[in-house]
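Following: one structure in structure tokens, then a few remarks.
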Amino acid sequence: MHAADLRSSSRTALAVLTGINLLNYLDRYIVAGMVGPLKREFDASDTEVGLLMSIFLVSYMVVSPAIGWMARTRSRTGILAIGVALWSAATAGGAFARSIWQLLLMRAATGIGEAAYATVGPALLADHYPPHRRAGALSIFYAAIPVGTACGYMLAGYVSSRWGWREAFLVAGLPGLAIALLCLWLRDPPRGRYDREGRAGDGPAPCDARVQGAAHMDGHAMRLLPAAKALVRNRRFVQTTFGYAAFTFAFGALATWMPYYMEQVRGWSAETAAVAFGGIIVGTGFAGTLLGGWAAGRIGGGRDDSALRIAGWCMIGAAPLSVVALAAPQSWVLVPALVVAATLSFATQGPVNAVTLNSVGPTMRAAAVGVSVLCIHLFGDVPSPALAGWISDHSPTAWREAILGAIGSESDSGLPLGLAMIPVAMAIAGAVWLREANQATPTIGTLSKPLR
């Protein structure tokens, strides 16, 4: 294969973007793998530690729509390169923080850089694949989420326990400054090239005229107001994003606090908790994400309604298992319950993200992903880590003693009360997706009907 062919290859794009996505989530979750050392260094409360994740996500979600809008007409590979370089420099800069507030500032800068990648990356990848192969490619891309997350936990637990938490930030951040150059090497394909080819002989995809008109205004670009109206009136987009926000609320609290929960409530060592939880995430996340993509394509037949139904039932099954994982005093019960719950949760990633991208026209995809990112974080994992920490800090002593006694723990932590909201949010996500599955249009890759 010639160099030009390799550069434009869809497989090359998938490999590079997936690898950088892994680094993205490694840097994002390194803080969650060393909550104990950070609390001791800065004498921080659970609320303050929760804010380290929340402030990252605030900056992440605020800039995502603007970046998505900019990516409609600007070089997407250039935006990616800048984003990767920025988040890597900010992660490494966390090593030099002298207060919790300085570390909060570095995490906010990390969120801005990662927003560029998370918004533009999926849209760029979508244009490398035709609609019938898109869910599978996105499932591989999103499989990097659990792998990168797990690497973040493991790196944080291992490096911080041997050399210190400052060194962990440096090891996580510095490689990304060189890897950012890979983004400039990738080809930026025409936006919606496969979608136009797919419609050439069959006419336009069935959709409401107002949505289609906004999605293809001027042939290439859209005006802000018609695009915003199209997204708000697109029932498929709205309902899928609502369910995704509930999923993200649950996962944000779980990912931030579960290693520290194992340490404080179950008596595990900090390193063992971080490495074990990281191992669970990488195994279940990789398997679950690929399983979800396979199920949506093979069992669901590439249908939007089937994809949402698969995702919905996965979350309905994960909710009670998360209760078992949080309540079980024995490790031999906690670990299997957490493994199955996490596998079912990650199985939703490919189907849900494919439905989100398929719910709009090709020129709207980057903007739609940006708005989706804003919503799922604003109502999801922006509030949940800090809220769980606040409940832990402020829960009444009598309530703490009651629930700690019920789950067989000798700790005085309020985290069991803070994390009780996780299964509730999982159940809500499942219910929303199942409801929308009964309203979904039959084929994947078409625009949804608007809200009436």
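Scanning region 384-413 for residues being surrounded by 22 or more Cβ atoms within 10 Å (Cβ to Cβ) and touching a Pro at 6+ places or on another chain (Cβ under 9 Å) gives a total of 1. Surrounded by fewer than 24 Cβ atoms within 10 Å (Cβ to Cβ), on the phi < 0 side of the Ramachandran plot and among the aliphatic types (A, V, I, L, M), is that true of V373? Against the criterion (surrounded by fewer than 24 Cβ atoms within 10 Å (Cβ to Cβ), on the phi < 0 side of the Ramachandran plot and among the aliphatic types (A, V, I, L, M)), V373 does not qualify.
The residue that is modelled with the lowest pLDDT, counting only those in region 146-161 that are closer than 15 Å to V282 by Cα, surrounded by fewer than 24 Cβ atoms within 10 Å (Cβ to Cβ) and among the aliphatic types (A, V, I, L, M), is V147.
Answer yes or no: is there a residue in region 321-328 that is within 22 Å of G33 (Cβ to Cβ), touching a residue at least 24 places away in the same chain (Cβ under 8 Å) and either out of contact with any Phe, Trp or Tyr (no Cβ under 9 Å at 6 or more places or on another chain) or in a helix (DSSP H, G or I) (or both). The answer is yes, given that some residue of region 321-328 is within 22 Å of G33 (Cβ to Cβ), touching a residue at least 24 places away in the same chain (Cβ under 8 Å) and either out of contact with any Phe, Trp or Tyr (no Cβ under 9 Å at 6 or more places or on another chain) or in a helix (DSSP H, G or I) (or both). For region 45-52, indicate whether the set of residues that are closer than 18 Å to F379 by Cβ and of a type in the set (G, A, S) is non-empty. Yes, some residue in region 45-52 is closer than 18 Å to F379 by Cβ and of a type in the set (G, A, S).
For region 285-295, indicate whether the set of residues that are free of Cβ contacts under 8 Å to residues at least 60 places away in the same chain and within 30 Å of W268 (Cα to Cα) is non-empty. Yes, there is a match, as at least one residue in region 285-295 is free of Cβ contacts under 8 Å to residues at least 60 places away in the same chain and within 30 Å of W268 (Cα to Cα). If I filter region 68-76 for residues that are without any contact (Cβ under 8 Å) to a residue 12 or more places away in the chain and in a helix (DSSP H, G or I), do I get at least one hit? Yes, there is a match, as at least one residue in region 68-76 is without any contact (Cβ under 8 Å) to a residue 12 or more places away in the chain and in a helix (DSSP H, G or I).
Here Y117 fulfils each of the conditions (1) crowded, with 22+ Cβ neighbours inside 10 Å; (2) not in a helix (DSSP H, G or I) apart from (2). Listed conditions (1) surrounded by 21 or more Cβ atoms within 10 Å (Cβ to Cβ); (2) more than 20 Å from S139 (Cα to Cα); (3) of a type outside the set (D, E) are all met by V360, apart from (2). The single residue among V35, V63, V84, V49 that is crowded, with 18+ Cβ neighbours inside 10 Å, part of a helix (DSSP H, G or I), modelled with pLDDT under 90 and in contact with a helix residue (DSSP H, G or I) (Cβ under 8 Å, 6 or more places away or on another chain) turns out to be V63.
The values are calculated or read from the model by the stated rules, or taken from the named source; none is laboratory data. Source: prediction; values computed, not measured. Methodologically, a virtual Cβ is constructed for each residue, glycine included, from the backbone with ideal geometry; neighbour enumeration extends over all protein chains shown.
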